[in-house]
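Read-outs: derived from the displayed coordinates by stated rules, not from any lab. Computed from a predicted model, the values in this text were never measured in an experiment. Cβ atoms come from the backbone with ideal geometry, glycine included; neighbour counts cover every protein chain shown.
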């Protein structure tokens, strides 16, 4: 029997047994990965696919597009679990509303969508899985619309850090609008006082720069559970500046923690452009981080063109007044840890 087993191993070989991933390991995509999205089809599978493609695309845009979709992965007792939901944070608002639009740092959708017992609420269901799974052509056409015609919101830090290992790169390349929440890591020190670090910001931005080739709208929000995490004096904003220069974005917003935001406002300069309407109240203006010159400069600019860039300032002699400024809008975000209330007895 032993001789027979040796002969089988020698001549037939043995397939490597699939190793069971530990519960703590993320469900990375296999490498290499076989593509399941076809580019051509032999015959239409139903009457819908007999319509011209431009009509089908218009229908799919109306049905599947125009929303903000949460994409998340969380660690639970039985392992990692993917989660998703339709965002209801700004149902009656549009991104062009500077002081009414609620940023991703305050988004409660996933908590409400999965409830206290982890049961998914149907009102947050995108309702598209039936169509995507109906046939291969439906998946091929629908999945592209799903990623390209919606704003994708990602808060999961493991997902952001390992983005290309968890989401197919062709899907990342379809994303045109993205919201990202970066949470500062808590580091315990020897003196018992925790510190907070944003050292993982660089690989997160690198993933987005490398794989999200069609991105044109981007919102970056910082969550810091401390008022002492310095963003202004550290490498955080220079990393964001370098990211902006590496992309071609006309719509970029950065939500700073409240303490940092108001420090920025202390150093801003009030600038007026001759082609922009006068803005006399604070609700008509917003901080803009201008990257036009050598050193970044925070300007207090009119939001007439928000969320797109204001016009470039300062103007040089004989310079075109219609040139847009290079940079991004700064918004107030996370208010930080709540201080305990003191009651008088």
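Here region 121-165 and region 172-188 have alpha carbon centers that stand 17 Å from each other.
Cβ crowding within 10 Å ranks 243, 218 as 243, 218, fewest other Cβ atoms first.
The fewest-to-most ranking of 210, 68 by surrounding Cβ atoms within 10 Å reads 210, 68. Taking only the C-alpha atoms of region 44-270, the Rg (one decimal) and the largest Cα-Cα distance, Dmax (whole number), read 19.4, 69 Å. Listing 256, 146, 315 from fewest to most neighbouring C-beta atoms within 10 Å gives 315, 146, 256.
Tell me, rounded to the nearest percent, the portion of alpha carbon pairs in region 134-250 spaced more than 17 Å apart. Tail fraction, whole percent: 60.
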